[in-house]
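Data first, discussion second: the structure below is written as structure tokens.
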Amino acid sequence: MNDTGELASVSSAADSNSVRRQRTDIRTRDLINQAVASIPTLGLQRAAEFLATMNVPAEVAVRVLVYPNRRRAN
């Protein structure tokens, strides 16, 4: 049995994960932008609570709120 097709698909999936893609989730983008913009007036805690309430994944919320240099440029 030849598994080269399966290996090729795994390899291409790994390659595509390393490439930055354009955001497709516009709703999450807008929520994050709103939370980030509110940090100076409301604070980090309130921004985090807002994102949690809006069901933004915790991993994403932490990345954008705690590590600003890891945000996407677009």
Among the residues in segment 33-55, are any under 10 Å from the mean Cα position of the chain (by Cα) and surrounded by 12 or more Cβ atoms within 10 Å (Cβ to Cβ)?
no
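Would you kindly identify the helices (runs of 4 or more DSSP H) lying entirely within the chain that contain at least 1 residues that are touching a strand residue (DSSP E or B) at 6+ places or on another chain (Cβ under 9 Å) and modelled with pLDDT of 95 or more?
Filter on the chain gives an empty set.
The values are calculated or read from the model by the stated rules, or taken from the named source; none is laboratory data. Just so it is clear, the structure is predicted and the values come from calculations on it, not from any experiment. Cβ sites come from the backbone with ideal geometry, for glycine too, and all protein chains shown count toward neighbours.
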